[in-house]
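See below for the structure under consideration.
The values are calculated or read from the model by the stated rules, or taken from the named source; none is laboratory data. Predicted, not measured: the structure shown is a model, and the values here were computed from it. Methodologically, a virtual Cβ is constructed for each residue, glycine included, from the backbone with ideal geometry; neighbour enumeration extends over all protein chains shown. Ligands, DNA and RNA are stripped out before the accessible areas are found, and what is left, the full protein with its side chains, is counted by its heavy atoms. Shrake-Rupley method; radii C 1.70, N 1.55, O 1.52, S 1.80 Å.
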Amino acid sequence: MIHVDRYEQAWIRITILILIAFIGAVIVAGVASGIQVPSAYQRVDPKALSEPGSPWAEPGLRELAPGKYEAYILSQIWSFVPNEMRVPVGSEVTFYVTSRDVQHGFKIVDTNINMMVLPGQVAKLKTTFARPGTYNIICHEYCGTLHHTMYAQIIVE
Ligand code: CUA
């Protein structure tokens, strides 16, 4: 048997308890608030976004089925296209976001959508708007002089 000092043993136990608490917190947060980890869904040529056949040539909402939408959103300095969308309450919306120029952010306040948007990559996440109201979309990756003015809104009615 290796001799471990009494205080050393106590600190080892405390460390293990803290680790268990942290892992528990991550599991609770992930399950309870539905945290989604964004990943690189698809590659796209940032120079071809306006070409016919590209879903970003006419960005915006499309209804797939009653209450189910997809939203193709283009990020560019310093705006989102479109910058206003309306959906009925309870709608499930899948967002496909890409950038025409530099790195942007895409966070919908009060939802579990929070993504980094890179030129050449498509960021995809889905959320359900259970409560009516105006949801702000903000760019939260610094993208130049007017970064702070880059936002859009989703109106849930
Ligand atoms: Cu776009 Cu900051």
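Values computed for the structure shown
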quantity	calculated
Sole residue being part of a helix (DSSP H, G or I) and either at pLDDT 90 or above or surrounded by 14 or more Cβ atoms within 10 Å (Cβ to Cβ) (or both), chosen from Ala29, Ala25	Ala25
Yes/no for Ser75 being polar (S, T, N, Q) and under 19 Å from Gly105 (Cβ atoms)	yes
Test: residue in region 115-122 that is within 20 Å of Gly34 (Cα to Cα) and surrounded by 18 or more Cβ atoms within 10 Å (Cβ to Cβ)	yes
Leading residue by the ranking (least open to solvent (accessible area, probe 1.4 Å)) among those in region 101-112 that are away from the ligand (no atom under 11 Å from the Cβ) and of a type outside the set (S, T, N, Q)	Ile108
Residue within region 96-109 that is of a type in the set (A, V, I, L, M, F, W, C), outside any helix (DSSP H, G or I) and free of Cβ contacts under 8 Å to residues at least 24 places away in the same chain present	no
Tally of residues being surrounded by fewer than 16 Cβ atoms within 10 Å (Cβ to Cβ) and at pLDDT below 95 across region 65-78	3
